[in-house]
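The values are calculated or read from the model by the stated rules, or taken from the named source; none is laboratory data. Fair warning: this is a prediction, and the values are worked out from it, not measured in the lab. When we count neighbours, we look across all protein chains shown, and the Cβ atoms used for this are built from the backbone with ideal geometry, even at glycine. We work out accessible area using only protein heavy atoms, side chains counted, and drop any ligands, DNA or RNA first. Shrake-Rupley method; radii C 1.70, N 1.55, O 1.52, S 1.80 Å.
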Amino acid sequence: KVYLKDIKIGDAAQTTAAFGLDVNVLPDLKLGTNYYYYGNYYSDFNFANAGSAGLSPYKLPNYSVWNLNGVFRFKIAGLDASLIGNVNNLLNTKYIADSYDGNLSGDASKAMVYYGLGRTFTTSIKIKF
């Protein structure tokens, strides 16, 4: 027998929010930011292990991250080009990005967790031809 009544859905944040803002600082320069919030996030679990009532997967701590981006537009050999830069997780937030609590223990020490990436940077160039 499997007891799934009142068990929270795992592997997806139940509360999410996002906000983005782009500002054209100069005619050829755009800066932007994005904010992401994740809450009420429970571990993935094996539903076959829900053999008794009252079990619950581990609840991950709520977290949020800020990203920053910029685009500089210019000409190269008469072609439109853009230099793009991104900073993901700008504030270097420490967070748990994913988790597995196979036995529905609800205990952080028994769940397998995967930490999110710290601050990362990316750059690219785009040329339209």
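Just wondering, is there one or more residues in the stretch 36-43 that are among the small types (Gly, Ala, Ser) and without any contact (Cβ under 8 Å) to a residue 60 or more places away in the chain?
Checked against the condition, which is being among the small types (Gly, Ala, Ser) and without any contact (Cβ under 8 Å) to a residue 60 or more places away in the chain, the stretch 36-43 yields at least one hit.
Take the stretch 51-64 and flag every residue that is part of a strand (DSSP E or B) and open to solvent by 70 Å² or more (accessible area, probe 1.4 Å).
The answer is LYS59, and nothing else.
Tally time: how many residues in the stretch 106-121 are closer than 21 Å to SER52 by Cβ and surrounded by 10 or more Cβ atoms within 10 Å (Cβ to Cβ)?
The number of residues fulfilling the criteria is 5.
Could you give every pair whose Cβ atoms fall below 9 Å, whose first residue belongs to the stretch 11-27 and is at positive phi, and whose second residue is surrounded by 11 or more Cβ atoms within 10 Å (Cβ to Cβ) and of a type in the set (D, E, K, R), counting only separations of at least 6 or pairs across chains?
What qualifies is ASP11/ASP44; ASP11/ASP98.
Residues of the stretch 35-47 being loosely packed, with under 14 Cβ neighbours inside 10 Å and either over 22 Å from GLY106 (Cα atoms) or basic (Lys, Arg) (or both), which ones?
Across the stretch 35-47, there are no qualifying residues.
Looking at the stretch 107-121, which of the residues that are of a type in the set (A, V, I, L, M) and in a loop (DSSP other than H, G, I, E, B) is nearest to LEU60 (Cα to Cα)?
ALA111
Within the stretch 1-34, can you find the residues that are of a type outside the set (Asp, Glu), touching a strand residue (DSSP E or B) at 6+ places or on another chain (Cβ under 8 Å), open to solvent by 60 Å² or more (accessible area, probe 1.4 Å) and in a strand (DSSP E or B)?
Hits for the stretch 1-34 are THR16, ALA18, PHE19, LEU21, VAL23, ASN24, VAL25, LEU31.
One line per residue, one yes/no per condition, for (1) closer than 24 Å to GLY20 by Cβ; (2) open to solvent by 50 Å² or more (accessible area, probe 1.4 Å); (3) assigned to a strand (DSSP E or B):
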{"site": "TRP66", "(1), (2), (3)": "yes, yes, yes"}
{"site": "GLY70", "(1), (2), (3)": "yes, no, yes"}
{"site": "SER82", "(1), (2), (3)": "yes, no, yes"}
{"site": "THR93", "(1), (2), (3)": "yes, no, no"}
{"site": "LEU104", "(1), (2), (3)": "no, no, no"}
{"site": "THR123", "(1), (2), (3)": "yes, yes, yes"}
{"site": "LYS126", "(1), (2), (3)": "yes, yes, yes"}
